[in-house]
Each structure stands twice: as structure tokens, then as C-alpha cells.
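Colleague: Dropping the structure in here first, questions after.
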């Protein structure tokens, strides 16, 4: 009878009610029945322990996983309006490797541990995606919607193969977007480094996995960017910064154990940055252009007169006025800037009724360079770029080096040349360190020559 009863219980998944009733019956029988045989009492206690073990079966939850079928497939279980449904993940695992209590693979060492960790990651993605569906559809969620969305998202085949670098990268970007912790510009930067990695993988005729990102990979990748993509050291340093952010996320979440990337170091080189001279700013202010270009010229000059980044001065509004200042929190750093509303700045903002039309920064830079070329900023400047130990020099016209950020550099440089205290410049620009301020300030060559000639002539 007992054997038959146990068999019935084993066939009832999650039958906690049955188990509790039997446990209560055993307790009553043991303590109330006039049964004096030690042997039989011992057996009853053993049966009680068996039922206690069943009693530790996890409670029903709105979602979970179970191992089912003779081929040991993992099923995702979920409830909609009190009714239970299953969805096959097509993930297989040995029964001995499945932890019933936590509904996940057991923690192991070695290759088995790595395989179990990968499966755990995949199952967590099912759970995360289901939570998103519940949030999106709320009361209108049905089993049909869940199945359709799961089929589209996981494509059934994904779970039976090892996750590639691209799989993890897609998950990383998706999570970043969902948490709104990644801006469009940063996303584009991530996309460029991702495309470069895929291009090298195509060249090497292989598929990259996280475990393959060792020292040898980084040596090949850096060489590929320098030689094949003509990426200078400064640009390479920025690209590797984005890639390292992704790999740090992998390590933090337990998807990557190879930390070779932490030893990768790219030496930054001093970069020549243009800032406009006083006479060049005046030239722009007086320049006659067609209506479209004139607007972009004015937008650039607003940056010169305010000292802000394009992402900030392009969203100036009357609501930011506080007395004789514009007070704005920088989008990039979150720091406040206190910008004096000088007459030149106020005139331009009033001209457009404090309503500036936004444009992508890349396109804006193209317009600014065209305007500066029309203005005659044709001075040839030698630009040095470093590719490891190789230096490449190139002659570039001055207008080609001017962009939206030149406006901010011009404000800081001209303020320094006019002996405005550094502390005030930092308050106006939201810069918090003197070192950063110095990086923005360009040398006044004319003043340098004047003072040196005085000293040595």
C-alpha cells in the first residue's frame, strides 16, 4: 500500500496538499495508535521522512522550470488566470545535474560547470523575457502571445547551441536600452566596435566565443584595427574602452572568466585641437550666408558665447533663465553650468525665440565645416597620428578640423586669454577639475611670440 501510495505521489507534480495530508496522517498514527512494535514504529518514521522530503518540493510560483520527458528537456512553466502552461525550451540536461529546489542546473566545477552555467544563463533569459511580456501586455497576456513571442525571440534553435560572442553582445545592448543607461551616441560607438569584431571574425573564417578573448586575440584585434581599418591610437583607446565595458559586464554576470582584456593598455597621444581666434569669431559673426547655413552659423556661435556642449546649448530654453544667467544641467555629466546671459548670446537666442531646431551632431559638423571653408579658414595644419610605433603626418586645412565641440574650446580659450579667472570659467562650463580645463585651453601663439620677442630681442 505504501509503495503504491508513493508511486501516486511521484506522479503528481507539486502535489503539496496530498503530501501534507499524508504527513499529518503519519503523525496521528505514530502518536495515537496503540502500536508497540519498535520495528514498525521505526518503519513509520522512515516513511515520514520520505514524505518530509517530498514536502520540500517548491511551492507553485507564477513561473518556473521543470525537467520533463524521457529526453530530459527543460520546460518553462507559467500561469495565466490560474491555469498552468508549459513551453519547451529545447534545452536538455541530465537529471543528475538538475537541482529541483532552485529549478536550475547544479553548480559544478570544470567543463560540466561551464555547461551548467550556460544553461542557467539561457533559462534566466526566458524568465526575464516573460517578465517583460507581463509588463507589456498586463491582463491581455495569453498563452498564444507567450508562445509566439518566445518562438520569435528565442527561435527554438538558439538554446541548443553554445551562445556566441554576438549572442551575449545583443543581450548586453538590449539590457542597456531597457534600463535607458545607454545614449544613442554610445550605442553607435558600441555598434562600430561590434562590427569591427565581426569583420575580423569573417576574415579569420571563425565564430568568436567569450572564452576566445585571450591575449592572443587582443594582439590580433589591435593589429587588425591599426592596419586594416587605419585606426589611430587615440581612437583605438576609445573603442577598447567600449569593448572593455561589455567584457566587464560579462565577468560581473559570470559569463566570462578570462580577464586578459584588463591587461590591454593603449597609450593615448596628445591631440591637436582647434579653437577659433577672436578675429575668426568676428569673421563668422559678419559672414553673409543663405538662410539655412546662417542658422547653423548662429547655432555654432551660441556655443561659442555660452561655452556649452552642443548637446546642451542646442536645447536652450527660457525656462533655464535664472536672473542674468542660464542654469542648465549637462546631459553628459549631470553637472550644473551657470552661463552669463551676455548680449551676444541673448541676441541670437531672441532671434530664434529661444526655440532651436535640433540636428544630429555629425550632420551639424558637416555644415560648420562648410561654413568655415566659405569663411576662408584655409590655413594648412600638420596633423600627426600614431599607429603603435608608427607616426603618420598629414596636412589638413584648418576648416576641416572644426566641429561643434570647437565652440566650447573657443569659449574656454578666449576666456583664459582675456584673464577670466579659471574658477569662473569652470562654473560657467560645468568643468570640475583644473586638469580638464587645461586640456580645453589652446596656447595663444600671438601672445607667446610677443612676450618671447620682448624677452629675447
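The values are calculated or read from the model by the stated rules, or taken from the named source; none is laboratory data. Owing to the predicted nature of the structure, the values given are computational and were not obtained by experimental measurement. A quick note on method: Cβ atoms are made from the backbone with ideal geometry, for glycine too, and the neighbour counts reach across all protein chains shown.
Colleague: Kindly evaluate residue 274 against the criterion of being farther than 30 Å from residue 216 by Cα, in contact with a helix residue (DSSP H, G or I) (Cβ under 6 Å, 6 or more places away or on another chain), in a helix (DSSP H, G or I) and touching a residue at least 12 places away in the same chain (Cβ under 8 Å).
Modeller: No: the conditions fail for residue 274.
Colleague: Could you check how many residues of segment 253-279 are surrounded by 19 or more Cβ atoms within 10 Å (Cβ to Cβ) and modelled with pLDDT of 90 or more?
Modeller: Number of matching residues: 1.
Colleague: Being under 31 Å from the mean Cα position of the chain (by Cα) and surrounded by 15 or more Cβ atoms within 10 Å (Cβ to Cβ) is true for just one of 341, 345, 401, 349. Which residue is that? Give the steps one after another, and end with the answer.
Modeller: Numbers: 341 fails: under 31 Å from the mean Cα position of the chain (by Cα); 345 fails: under 31 Å from the mean Cα position of the chain (by Cα); 349 fails: under 31 Å from the mean Cα position of the chain (by Cα).
Just one listed residue meets the conditions, 401.
Colleague: Can we say residue 137 is modelled with pLDDT of 85 or more, touching a helix residue (DSSP H, G or I) at 6+ places or on another chain (Cβ under 9 Å) and more than 20 Å from residue 240 (Cβ to Cβ)? Can you show your working first?
Modeller: Working: modelled with pLDDT of 85 or more: yes; touching a helix residue (DSSP H, G or I) at 6+ places or on another chain (Cβ under 9 Å): yes; more than 20 Å from residue 240 (Cβ to Cβ): yes.
The answer is yes for residue 137.
Colleague: Any residue at all in segment 298-312 that's assigned to a loop (DSSP other than H, G, I, E, B) and either free of Cβ contacts under 8 Å to residues at least 60 places away in the same chain or outside the structural domain of residue 412 (by TED's automatic domain parsing) (or both)? Before the answer, list the steps.
Modeller: We begin by selecting, within segment 298-312, every residue assigned to a loop (DSSP other than H, G, I, E, B); these are 307-309.
Subsequent filtering for residues that are either free of Cβ contacts under 8 Å to residues at least 60 places away in the same chain or outside the structural domain of residue 412 (by TED's automatic domain parsing) (or both) retains none.
Checked against the condition, which is being assigned to a loop (DSSP other than H, G, I, E, B) and either free of Cβ contacts under 8 Å to residues at least 60 places away in the same chain or outside the structural domain of residue 412 (by TED's automatic domain parsing) (or both), segment 298-312 yields no hits at all.
Colleague: Under 19 Å from residue 211 (Cβ atoms) and assigned to a helix (DSSP H, G or I), is that true of residue 147? Steps first, please.
Modeller: Working: under 19 Å from residue 211 (Cβ atoms): no; assigned to a helix (DSSP H, G or I): yes.
So residue 147 fails the test.
Colleague: If I ask for residues that are at pLDDT 75 or above and assigned to a loop (DSSP other than H, G, I, E, B), which ones from segment 354-395 would you list?
Modeller: Filtering segment 354-395 down to residues at pLDDT 75 or above leaves 354-382, 394-395.
Within segment 354-395, 354, 355, 356, 357, 358, 359, 360, 375, 376, 377, 378, 379 qualify.
Colleague: What number of residues in segment 283-297 are part of a loop (DSSP other than H, G, I, E, B) and in contact (Cβ under 8 Å) with a residue 12 or more places away in the chain?
Modeller: Of the residues in that region, 2 qualify.
Colleague: Tell me, yes or no, whether segment 193-210 has at least one residue that is under 14 Å from the mean Cα position of the chain (by Cα), closer than 28 Å to residue 390 by Cα and either modelled with pLDDT of 90 or more or surrounded by 13 or more Cβ atoms within 10 Å (Cβ to Cβ) (or both).
Modeller: yes
Colleague: Output the residues belonging to segment 211-228 that are part of a loop (DSSP other than H, G, I, E, B) and at pLDDT below 85.
Modeller: As a first pass, look at segment 211-228 and keep what is part of a loop (DSSP other than H, G, I, E, B): 213-214, 228.
Scanning segment 211-228 gives a single hit, 228.
Colleague: Now for a different question. Output the residues belonging to segment 315-326 that are assigned to a strand (DSSP E or B) and surrounded by 13 or more Cβ atoms within 10 Å (Cβ to Cβ).
Modeller: Answer for segment 315-326, where residues must be assigned to a strand (DSSP E or B) and surrounded by 13 or more Cβ atoms within 10 Å (Cβ to Cβ): 321, 325, 326.
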